[in-house]
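Just so you know, all these numbers are worked out from the coordinates, no wet-lab data involved. Keep in mind it's a predicted model, so treat the numbers as computed, not measured. Here the Cβ positions follow ideal geometry from the backbone for every residue, glycine too, while neighbour counts run over all protein chains shown.
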Amino acid sequence: MSDKEFTQPDESLYSPNKKGILGRAFAPVAGFGVTFSTLFRPAVTEQYLPHKPEQKTPTRPRYHGMHQLNRYADGLEKCIGCELCAWACPADAIFVEASSNHPGEQYSPGERYGRVYQINYLRCIFCSYCIQACPTRALTMTNKYEVADQSRESLIYEKQDLLVPLAEGMLSTPHPMAEGTTDADYYKGNITGPTQDQVEWVKQARPEDPTITSAQVTSAPQKEAQH
Ligand code: SF4
Ligand code: SF4
């Protein structure tokens with residue numbers, strides 16, 4: 001036993017304050033006090049008018065908005081269809097179905113690409129677990145937050161809704177990886193644009209492809225010396 005003596009706490013500290021005559025008289029309407037005092041203050045309303053974009057409040061730079069599927073500098077897709085994002089999602093909002101790349105039909109570096117990619121924005125809680133799980137930084141989040149729509153179907157975004165458009169100088173897919181490279185070269189950021197061989201391949205496969213003329217050709221990365 002400890003030598004310390006334990007005493008009961010002072011009950012008056014925990015009981016409600018006793019009201020005076022005025023307190024008791026106004027008690028039935030006291031709950032409206034905040035309402036009445038607010039009636040005479042100026043309203044503070046953030047305008048949100050989609051047809052007046054200049055009135056939208058910009059988000060913080062790292063705000064987690066709607067998703068985006070990214071590409072490498074030569075146009076290949078970063079998504080390899082591994083489904084880690086779908087497994088990480090606590091709301092079961094992502095569906096991925098992978099398919100194999102073939103020599104004549106290559107969409108991403110390596111063996112597989114995301115053939116079907118869906119995000120259900122009726123389920124998404126914008127927690128960002130999916131983008132943290134993605135091993136290739138294929139999936140990131142933008143600052144866009146205007147998700148509301150008028151039908152359930154329109155809130156299931158498909159791959160074509162999520163895949164970022166080709167940037168200037170990229171070559172449209174499918175096309176082979178840059179000659180002499182492996183998927184590791186892509187993951188390390190060594191690809192800086194389409195190569196002449198890739199452009200020639202697309203010329204053969206799709207002579208009418210408009211990105212053939214706009215592609216900004218770079219040279220394939222040099223192989224590191226083996227030690
Ligand atoms: S942000 Fe969260 S809830 Fe939304 S798709 Fe990603 S993991 Fe799922
Ligand atoms: S977005 Fe990333 S995590 Fe999801 S399937 Fe594609 S590569 Fe895998």
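Out of all the residues in region 30-58, which are surrounded by 10 or more Cβ atoms within 10 Å (Cβ to Cβ) and either basic (K, R) or not in a loop (DSSP other than H, G, I, E, B) (or both)? Within region 30-58, A30, G33, Q55, K56 meet the criteria. Screening the candidates A167, A148, A178, A138 for the property of being away from ligand 1 (no atom under 12 Å from the Cβ), over 19 Å from the mean Cα position of the chain (by Cα) and among the small types (G, A, S) yields one hit, A178. One residue stands out among those in region 102-124 that are surrounded by 15 or more Cβ atoms within 10 Å (Cβ to Cβ) and within 7 Å of ligand 1 (Cβ to nearest atom): the one that is farthest from L84 (Cα to Cα), which is C124.
Within region 174-195, the set of residues being hydroxyl-bearing (S, T, Y) and surrounded by fewer than 22 Cβ atoms within 10 Å (Cβ to Cβ) comprises T181, T182, Y187, T192.
With respect to (1) within 16 Å of ligand 2 (Cβ to nearest atom); (2) not in a loop (DSSP other than H, G, I, E, B), the lone exception for R137 is condition (2). If the condition is being surrounded by 13 or more Cβ atoms within 10 Å (Cβ to Cβ), touching a strand residue (DSSP E or B) at 6+ places or on another chain (Cβ under 9 Å) and within 23 Å of K56 (Cα to Cα), then region 125-154 contributes F126, T140, M141, T142.
Per the listing P90, P61, the residue uniquely within 16 Å of ligand 1 (Cβ to nearest atom) and either in contact with a Pro (Cβ under 8 Å, 6 or more places away or on another chain) or in a loop (DSSP other than H, G, I, E, B) (or both) is P90. In this structure, does R112 turn out to be basic (K, R) and under 15 Å from L76 (Cβ atoms)? For R112, the condition - basic (K, R) and under 15 Å from L76 (Cβ atoms) - is met. Residues that are touching a residue at least 24 places away in the same chain (Cβ under 8 Å), acidic (D, E), in a strand (DSSP E or B) and on the phi < 0 side of the Ramachandran plot: does region 67-86 have at least one? Yes, region 67-86 contains at least one residue that is touching a residue at least 24 places away in the same chain (Cβ under 8 Å), acidic (D, E), in a strand (DSSP E or B) and on the phi < 0 side of the Ramachandran plot. Answer yes if at least one residue in region 110-121 is part of a loop (DSSP other than H, G, I, E, B), under 23 Å from N190 (Cβ atoms) and out of contact with any helix residue (DSSP H, G or I) (no Cβ under 8 Å at 6 or more places or on another chain), and no otherwise. The answer is yes; a qualifying residue exists.
Within region 140-165, work out how many residues are assigned to a strand (DSSP E or B) and of a type in the set (S, T, Y). Count: 2. A count restricted to region 140-150 and to residues that are within 12 Å of ligand 2 (Cβ to nearest atom) and either more than 29 Å from R112 (Cβ to Cβ) or among the polar types (S, T, N, Q) (or both) stands at 1. In the set (1) surrounded by fewer than 18 Cβ atoms within 10 Å (Cβ to Cβ); (2) farther than 15 Å from M141 by Cα; (3) away from ligand 1 (no atom under 16 Å from the Cβ); (4) not hydroxyl-bearing (S, T, Y), L76 fails one condition alone, (1).
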